[in-house]
Every structure is written in structure tokens, then in C-alpha cells.
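Asker: Sharing a structure with you now.
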Amino acid sequence: MVPSGLPPAACGTPLISLLLVCCLLPPGAPGQQFQLRAEVQSPVVPAGGSFLVNCSSDCPNPELITLETSLSKEQVGNGLGWAAFQLSNVTTDSQVLCSGFCNRVQMIGSSNITVYRFPERVELLPLPRWQPVGENFTLRCQVAGGAPRTSLTVVLLRGEEELSRKPAFGEPAEVTATVLAGRDDHLANFSCRTELDLRPRGLELFRNSSAPRQLRTFALPVTTPHLVVPRFLEVGTNWSVICTLDGLFPASEVQVQLALGNQTLNPTVESHGDTTTATATATASVEQEGAQEIVCNMTLGSDSWETRENLTIYSFQGPILNLSEPSAPEGTAVTVTCLAGGARVQVALEGLPAAAPGQPAQFQLNATEMDDRRIFFCNATLEVDGEILHRNSSVQLRVLYGPKIDQAKCPQRLTWKDKTIHVLQCQARGNPDPQLHCFQEGSGKEVPIGIPFLVRLKHNGTYSCEAASSRGRHTINVVMNVRDRNARAVNIVLGVFVVLGVVTISAALLYVFGMHKRSGAYRVNQGTTSLPLTSKQPEEAVGEDNF
């Protein structure tokens, strides 16, 4: 019931009657019972807030209506049967008491006021810096402040996934949850949230969240890094150092350090699945010559794995192979020398070893045409950490000699037919390379060498083939006999006639000889009637031939 005399400000705010207490009458007193109401604007008030209380009664002649409370109050209105009070700076739960008299009998009405406040601090305590996969860890959320606690709940979250929900008890309240760490939890965000649910009291659900914390999980490898290094490394050369570790999660988080002696290398790190590979380029210097160590260290969180490998850095210069005259005229003495290039290097020139390590090997020769383009070889050996290393060098000698035409490769007599295609093959040698030309004697016309050309009757004749260079000249003659293609047909006809003549004469002679035999070589035997044919005795035939 809102009295009509209530101030406008108070009338604009709905009042809720929370508790009605009847007037107190002496025992056995006759008459009607009247009520005194304590009507509150809202029974749930934010901390530090204010609210309006209206004390009203249905007594026709109430007296001394007042509000009893420990809170700061101000009367904002009154009238017949009612009085309104404004209470401010409410910080704790409290009870307001309306008091009055009706017919000298005291009337009392009360209402409970609940103060709500949001938590002052909602914090998820720090997570482990690195959490092993497959092991449990504990989430701890602390909540300071917040009321009423009966309506306050603490929720633990992984991302948006709810892991635990518990009421807040104690000050500060601490809520925990045990979580099994997995690979999917790597770089996952964990947080906690409070929920102050005042919906049953006519308000809403209020939420406060902590700052998220990120978890890092890892799985340890069962092996140490695998380091690929050579046994030996030559001064001034580059080599790729490769270090690999399998079974480490997360591979992308691994920190890698590579070093050659006191030289720190700059590796390129790549990860594929649970495999981490670091590659760096190492350059050996003169200062590092001797036994050295390559170190590969991989670190994840507070754990590290290390592998060391030994290698020997050496200097191997040589062999150095020299000719006293790289281009020597024919008949010149040439000295071939092979230098060791180091005190511990043993050289051998053309299979002949030097007298001692570090000493040169050499020999001398008189250059001939056969030595042109001759290649000399020198082998050098160096012992490094029990291993024999080899290195070779070669040099080519050029001998300057005059031109020569190889008669075996340049035939001096050729027989070709007219209107056929042929190639004049003729080669010359010499250093420098000679120029070779063939000219027809008389006409001076040049015939191509090594190129197919059409042979005509005009090519018949003798040619002078000359090879020339700065070292001299060499000439040979080539006779080219070109035959007419029709001469063969004439020869064939003549041959046929000769053969026919011979055959005809032979047939005639055989015929004459046969007639001669029948006329005188046989006779009739008169003593018989069978007329047998008998041959004459050879003496009689030879006798007749003498005629």
C-alpha cells in the first residue's frame, strides 16, 4: 500500500512489503488488531547504494511512526498513517524496523536488506612453466570479496570449455581442479570465472573473469641429438653441420645451439612433427687447425639435451705441379717439378716419390713431337689422425713443332669417275695447328679437303697439298685420275665382240675338225655283216697329221 501523501520521488519507485508485524496488544485486551508495514524499494542493494523504506499502518489514528536502523537515514515524507525514509551508503546486510503506536499500543514491522557486491579479485594462479604430457596439474582460482556468497559460484575453464564449477567458500575463496595434460593443451588458455546469480531476487546473473593463462606442455625424447659431422675438415672449406632430435614435443619450441670449438654457429632450425633439425655452415680457419669439437645443444623449458663429436681440422696445400716451359720448342730441355706444399706432405711425380716429406720431386726431358699434349701427374699424400688423404695434380706440356702431312691419311693416288661425289681426305699435324690446302698444278685451282664435292673431268691432274704454320711448311703431291663414265660402255661392247669372235672361231675349228675325223679316221670291216666302227691306231692318225 502506497499512501497518497508520499512524495513524488517516492511514489515513482515501487515498494515491496517484505514483512508485516501486527500491533502488540496486552493479553486479554479487546478490540481490532491493526498492522504496521515496512515496505522497501528493493530488498537487494548494491554495496554503497541507497534505498527507500515506507512505514505505513491501517490504524485510523497512528502515532509516532518511525524507522529504527543503524544505517544513515533521512525522512523524505510523511502523512496520516505513513512515513517514508531514504537510507544511504549501505555496506552490510541489515534489518530495518518500522515502529509506531495505535491506541497506545506499539506496532512493529521489519524487513531484511541484502547487500551484494562483485568480487574484488578473480585470479587464476600461475601455471607450471612447462607441463609434461601425461601428468596431472592443478588449476587454482582465488576469489576475494563478492557477496552474497550463497549466490556466488566459481567456474574453471579451458578456453570456453567448463572444467569445474564449485561454490565460493572462505575469504579469499580458493577453488581447484585437477587436469591431465595432453598435447592438445599446448598453448591452450585457462581461466576462471565467478557467477553472482541474483536472478531469484529479481536481478540478473553477474560474471567476472580472470586474466587467461597459457599452458605449455612437452614430451621428452628417449634419445640424444644425432650430430652429423665429418672426421676431417680442411682449412678454408665449408661444411654443413646437421643436428637432429626425434621424439621431442613441441618441436617448434626447441632452442638450438651449435658451436665449433669456440666459434658459435648460426643454425637454421626446422621442425616436422616431433623431429627438430638444425643446419649450420661451418668454415674451418687456420687458427682452428688440429683436434676440435662440435657441440649440439637442444633446450626445451628447463630440460636440455647435448651431443658432442670430434673432428680434425687440417691444412693440405698441394701438390703444386710446374713446367719450366709450358710451351717448349721441339728439342728443348723441359724440367717438371712437383712441390709438396707442406712439411708433412709426401709427393710422387709420375710414380717416382720425393726423397722425404716436404721435399719436391722432379725430372727433365728433351721435348719431342711425341711429348706434345703429354700430361704429367703428381700425387700428394698427407696422414691425418691415422688416415691417409690423397690429392692429385696434373699439367699438360705443349711442344712446338713444324707441320707434317700424314701420308697414311692422305693417299697420293686417287681414281674417281666423272660426275660422282667424293671427299678428299688429307690430314696434317703440327703445333701450332697448320693450315692445309691442295692446289691443281697448272690451273692453280683449289680442291676442297674433307668436304664432299662433285668430281668432274676437269679435276683430273696432279695436286700439290701443302701444310703451313709459323713453324714451317710440308708438301706432298696427290694424283687424281678422273675417268669418263662412257669409256666403260665402249669397253663392254668391245669385250662382247671379242668374246663372240672367239666363240665363232672355236665353233668353226671344232666343225672342221669333226668333218676331218669322219672322212679318214674310220673304215668298214669287210669280214662281217654287222658293220662295226673301229678306231684307227694312233700311229696311222699321227701319220696322217704329218700331212
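Asker: Given a cut-off of under 8 Å on Cα pairs at least six residues apart, what relative contact order in percent is computed for the stretch 87-173? Please report the intermediate quantities before stating the final value.
Answerer: Numbers: 118 pairs, mean separation 18.4, N = 87.
With pairs under 8 Å counted, the relative contact order is 21 percent.
Asker: Right, another one. Stretch residue 242-residue 323 to full length: gain in nm at 0.36 nm per residue minus the Cα-Cα span? Mind showing how you got there, number by number?
Answerer: Working: separation 81, 0.36 × 81 = 29.16 nm, distance 4.31 nm.
In short, 24.8 nm is gained.
Asker: For the pair residue 287 and residue 427, what calculated FRET efficiency results from E = 1/(1 + (r/R0)^6), where r is the Cβ-Cβ distance and R0 = 60 Å, to the nearest 0.05?
Answerer: Working: r = 58 Å, r/R0 = 0.97.
So the FRET efficiency works out to roughly 0.55.
Asker: While we're on this one: Take the solvent-accessible surface of the protein heavy atoms, probe 1.4 Å, and return the percent of it on the stretch 186-295 that carbon and sulfur atoms account for. All intermediate terms of the calculation are to be shown ahead of the outcome.
Answerer: On the way: 2630 of 5700 Å².
Carbon plus sulfur share of accessible area: 46 percent.
Asker: Continuing with this model, one more query. Can you pull a Stokes-Einstein diffusion coefficient for the stretch 388-436 at 37 °C (0.692 mPa s), Rh from Kirkwood over Cα pairs, as a whole number of µm²/s? Let's see the in-between values first.
Answerer: Values: Rh = 14.8 Å.
Value of D from the Cα-based Kirkwood radius: 222 µm²/s.
Asker: I've got another one for you. What does the extension gain come out to for residue 507 and residue 270, with contour length at 0.36 nm per residue minus their alpha carbon separation? Could you put the intermediate results ahead of the total?
Answerer: On the way: separation 237, 0.36 × 237 = 85.32 nm, distance 10.71 nm.
Length difference between fully extended and current span is 74.6 nm.
Asker: I'd like the FRET efficiency for residue 437 and residue 352, computed as 1/(1 + (r/R0)^6) with the beta carbon distance as r and R0 of 45 Å, rounded to 0.05. List each step's numbers first, then the result.
Answerer: Values: r = 45 Å, r/R0 = 1.00.
Calculated transfer efficiency: 0.50.
Asker: Now a separate question. Can you pull the accessible area of residue 458 for me, 1.4 Å probe, Å² to the nearest 10?
Answerer: 140 Å²
Asker: Could you bin all the Cα-Cα distances of the stretch 303-444 into 5 Å bins starting at 0 and give me the percent of pairs in each, rounded to whole numbers?
Answerer: Computed distribution, short to long bins: 2, 8, 13, 12, 10, 9, 8, 7, 7, 6, 5, 4, 3, 2, 2, 1, 1, 0, 0, 0.
Asker: Between residue 58 and residue 120, what FRET efficiency comes out of the Förster formula 1/(1 + (r/R0)^6) with R0 = 51 Å and r the beta carbon distance, rounded to 0.05? Let's see the in-between values first.
Answerer: Numbers: r = 45 Å, r/R0 = 0.88.
Efficiency for this residue pair is about 0.70.
Asker: Here's something else I'd like to know. Output the relative contact order of the stretch 175-318, whole-number percent, from Cα pairs under 8 angstrom with separation of 6+ residues.
Answerer: Working: 299 pairs, mean separation 31.5, N = 144.
Computed over the stretch 175-318, the figure is 22 percent.
Asker: What is the distance, in nm, between label points placed 7 Å from the Cα along the Cα-to-Cβ direction at residue 457 and at residue 224?
Answerer: A separation of 9.8 nm, rounded to one decimal place.
Asker: Excluding ligands, DNA and RNA, what is the solvent-accessible area per residue of the stretch 274-432 at a probe of 1.4 Å, expressed in Å²? Please list the in-between numbers first.
Answerer: Working: 8150 Å² over 159 residues.
Result: 51 Å² of accessible area for each residue.
Asker: Now for a different question. Counting each pair of different Cα atoms once, what's the Kirkwood radius of the stretch 42-165 in Å, rounded to one decimal? Write down the numbers at each step before the final one.
Answerer: On the way: mean 1/r = 0.0546 Å⁻¹.
When all Cα pairs of the stretch 42-165 are included, the Kirkwood radius is 18.3 Å.
Asker: Can you compute 3J(HN,Hα) from phi for each residue in the stretch 373-388, using the Karplus curve 6.51 cos²θ - 1.76 cosθ + 1.60 with θ = phi - 60°, rounded to whole Hz and x for Gly and Pro?
Answerer: 6, 6, 9, 9, 10, 10, 10, 10, 10, 9, 8, 10, 6, x, 10, 9
Asker: Also: Just how far, in whole angstrom, is the stretch 435-477 from the stretch 251-318 if you go by their alpha carbon centroids?
Answerer: Value for the Cα centre distance between the two parts: 71 Å.
Asker: If amide H atoms are built 1.01 Å from N in the plane of the peptide, which residues on other chains or at least 5 residues away come under 5 Å of the amide H of residue 59?
Answerer: Counting only residues 5 or more places away or on other chains, the set is 35.
The values are calculated or read from the model by the stated rules, or taken from the named source; none is laboratory data. Remember, predicted model here, so these are calculated numbers, not experimental data. As a convention, Cβ positions derive from the backbone with ideal geometry for all residues, glycine included, and neighbour counts pool all protein chains shown. The accessibility values were calculated without ligands, DNA or RNA, using every heavy atom of the protein model including side chains. Shrake-Rupley method; radii C 1.70, N 1.55, O 1.52, S 1.80 Å.
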